[in-house]
Structure formats: structure tokens, C-alpha cells
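Comments concern the structure below.
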Amino acid sequence: MDRTVSCRTFVSYIDRSREYYAAQGYERPYAWPHYDEVPFSTLGKPLAKCRVGLVTTAQRNQPGLLMPIRELYAAPSSPAPTRMRTDDLSWDKQATHTDDVDSFLPLNRLSEMAAAGRIGSLSPRFYGVPTDYSQSNTIQRHAPQILTWCRQDSVDAVLLAGL
Amino acid sequence: MSLVSRHLESNGIPTVVLGSARDIVEECGVARFVFTDFPLGNPCGKPWDVPMQSAIVGMALDLLGRAWMPRTTVQTPFHWDNDDWRDHYMRVDDGNREALARAGEERRRRQAEAKKAH
């Protein structure tokens, strides 16, 4: 045993953000999605033969744009980007940084796994989904487009890493 | 992100979510989740720590093949350098309460102006 605790150790971001925005005068809390049923698929072949895709909430760098937009996009996995735009997303900017793209978009790590034969291949594109207050936008527009891109790229399994 | 994962799973593509906001992902409900108890920003390992990143991505890949039912969460064994971030992030206290209230008012004013301009 490493230690004993008297309360939950991990941060509740649902509680924390509700209190934070209430302090800003937003008294109606954000209604996070909750489902009782969870869909589940299994691999149709060994991982060593699978093409793996990667989805991120980070945005592509848009240097020079005064008002960068959050977009739904597919971008080449190789060469892996060395910078991504994360400034306008919610993450802990006091405690850490996003200068190492692999800490949230592990394209290089997955390429190494492919080279080592752990996976069949990395998808030629990775996919960006904008964080959106509107869950219906995500469900009706963004998710179906990500699925279409995954099918176009013959992706067998997907890793999703949000900031 | 969890909603996208659910859509892919519903259409036959197995997924695994990597993240640090455990309650948000688990409330939504996803097939597979690799949880790293870090401040938000580095769900795939500490910056520049290649062995840790490889381990976390490796755990996600393992979970793709090994999970046999949905809502399978695996917690990685890694710790941040300290625990200060747990209390600091989005903290509300007497030191910032007034500033937050002003920031909220300012934001609503800007949004109202933008709405008028359209």
C-alpha cells in the first residue's frame, strides 16, 4: 500500500468547472452527457495487422491568422507536426505545457509501434475534432465525419486523446 | 471526445480514450479508457518523457485487444511531480471571487455586443 486516503484522489472536473463558472455568474451548470448504455466493438484481427488512427482536440497551427478558428480536420500523420494550437483550449496552463506534441498527440510513439510491428500501421492521416459546447454538433456533424475519414483511410482501431 | 468514441464504436470501430478528466469520460461512458492522473494537457505522458509516453500508448493498445466489456478503465501507474495542481486548477476562493465575477460580466458584455453586430 502506497498510502491511505479519506476522499477521492482524482479531480472532479464536473464539480470544479461548475463552481468556476458559477463564480463568473453562469448559474445554469453545463449538462455533461451521461449514457447508461455503452457501445462496444472488438478487433477483427490481430493488433499487429491493424491500422490505427488517432483523434485529437488540438487544432492545427494557423500562424498569421488573427482570428484562428476551431475546425474539424484531417491532416497528414507524417511528418508529425512539431507544434499544435492548444492555447484556446481548457487545460492546466499553470502546471504544465504542450510544447511536446507527443504528450497529447502521440504520432511519433505510434510510428515507433508500427516500426516495431506492435501495430500494422499508423493511419496516413490523424483527425481533429473541435471541442464544442453543443453536443448535437459533435454527435450529428463531427463524429460522422471522423467515421467517414476513418473508413476512407481503412482504419481498424482508433485512439482518442483529448487535452 | 467521448461522444466521437461512442459513434465509432457504434459503427464497428474499436476505440480507446486516453485522458486525465476521469469523471467526464466515465459519466459519458466509453468502451475503453486509459486514465492518467495528471493535470489536464498531457494525457499521453509527460512532455519529453519518451519512455512514459511509449508505456501509456502501449497500455492503450493492449486495452484494445484485452477489454472484454465496455466501461473498462485502466489507470496508468504514473504520478505528477507534486499534487499542487489538484487544488489550483479552476480554484475559486476569496482571493479571486471578485475578479471571476468581473470576468464573467465582461464576457457577457462582449458576447452581447457581438450578437448585436450580427
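The values are calculated or read from the model by the stated rules, or taken from the named source; none is laboratory data. Owing to the predicted nature of the structure, the values given are computational and were not obtained by experimental measurement. When we count neighbours, we look across all protein chains shown, and the Cβ atoms used for this are built from the backbone with ideal geometry, even at glycine.
Which of the residues spanning the range B:15-35 are assigned to a loop (DSSP other than H, G, I, E, B) and surrounded by fewer than 24 Cβ atoms within 10 Å (Cβ to Cβ)?
Hit for the range B:15-35 is B:29, nothing else.
Suppose we keep only residues that are more than 14 Å from residue A:157 (Cα to Cα) and among the basic types (Lys, Arg) within the range B:1-49. Which one would you say is nearest to the other protein chains (Cβ to nearest Cβ)?
Filtering first and then ranking leaves B:22.
Count, please, the residues in the range B:34-60 that happen to be over 14 Å from residue A:105 (Cα atoms), touching a residue at least 40 places away in the same chain (Cβ under 8 Å) and out of contact with any Asp or Glu (no Cβ under 7 Å at 6 or more places or on another chain).
Going through the range B:34-60 one residue at a time, the tally reaches 5.
If you take the residues of the range A:70-86 that are over 21 Å from residue B:8 (Cβ atoms) and either among the acidic types (Asp, Glu) or in a strand (DSSP E or B) (or both), which of them is nearest to the other protein chains (Cβ to nearest Cβ)?
A:84
Restricting the search to the range A:123-142, which residues are of a type in the set (Gly, Ala, Ser) and touching a residue at least 12 places away in the same chain (Cβ under 8 Å)?
A:123, A:128
In the set A:151, A:109, which member is among the basic types (Lys, Arg) and more than 23 Å from residue A:92 (Cβ to Cβ)?
That would be A:151, the only listed residue that is among the basic types (Lys, Arg) and more than 23 Å from residue A:92 (Cβ to Cβ).
If I ask for residues that are aliphatic (A, V, I, L, M) and more than 30 Å from residue B:2 (Cβ to Cβ), which ones from the range B:72-118 would you list?
B:99, B:101, B:112, B:117
Restricting attention to the range B:31-52, which residues are over 13 Å from the mean Cα position of the chain (by Cα) and not charged (D, E, K, R)?
Answer for the range B:31-52, where residues must be over 13 Å from the mean Cα position of the chain (by Cα) and not charged (D, E, K, R): B:31, B:47, B:48, B:50, B:51, B:52.
Among what's in the range B:85-99 and is assigned to a loop (DSSP other than H, G, I, E, B), in contact with a helix residue (DSSP H, G or I) (Cβ under 9 Å, 6 or more places away or on another chain) and not aromatic (Phe, Trp, Tyr), pick the residue that is farthest from residue A:20 (Cα to Cα).
Across the range B:85-99, the extreme among qualifying residues is B:96.
When you scan the range A:48-62, do you find a residue that is of a type in the set (Ser, Thr, Tyr), touching a residue at least 60 places away in the same chain (Cβ under 8 Å) and in contact with a Leu (Cβ under 9 Å, 6 or more places away or on another chain), even just one?
Yes, the range A:48-62 has at least one match.
Restricting to the range A:127-146, count the residues that are in a loop (DSSP other than H, G, I, E, B) and hydroxyl-bearing (Ser, Thr, Tyr).
The number of residues fulfilling the criteria is 3.
Just to check your reading of the model, which residue among A:143, A:116 is surrounded by fewer than 17 Cβ atoms within 10 Å (Cβ to Cβ) and not polar (S, T, N, Q)?
A:116
Select from the range B:57-75 the residues that are within 8 Å of chain A (Cβ to nearest Cβ) and closer than 18 Å to residue B:21 by Cβ and list them in ascending order.
B:60, B:71
State which residue is farthest from residue B:29 (Cα to Cα) when the search covers only the range A:10-27 and only residues that are more than 7 Å from every other protein chain (Cβ to nearest Cβ) and touching a Phe, Trp or Tyr at 6+ places or on another chain (Cβ under 9 Å).
Per the stated criteria, the residue is A:27.
Please go through the range A:1-56 and pick out each residue that is part of a loop (DSSP other than H, G, I, E, B), modelled with pLDDT of 95 or more and basic (Lys, Arg).
A:45, the sole residue that qualifies.
Here's a check for you: in the range B:1-14, which residue that is of a type in the set (Gly, Ala, Ser) and not in a loop (DSSP other than H, G, I, E, B) is surrounded by the fewest Cβ atoms within 10 Å (Cβ to Cβ)?
It comes out as B:10.
May I ask you to verify whether residue B:45 is at positive phi, of a type outside the set (Phe, Trp, Tyr), modelled with pLDDT of 95 or more and surrounded by 15 or more Cβ atoms within 10 Å (Cβ to Cβ)?
yes
Working only within the range A:34-69, note down all residues that are surrounded by fewer than 18 Cβ atoms within 10 Å (Cβ to Cβ) and within 7 Å of chain B (Cβ to nearest Cβ).
Residues satisfying the conditions are A:34, A:35, A:41, A:42, A:43.
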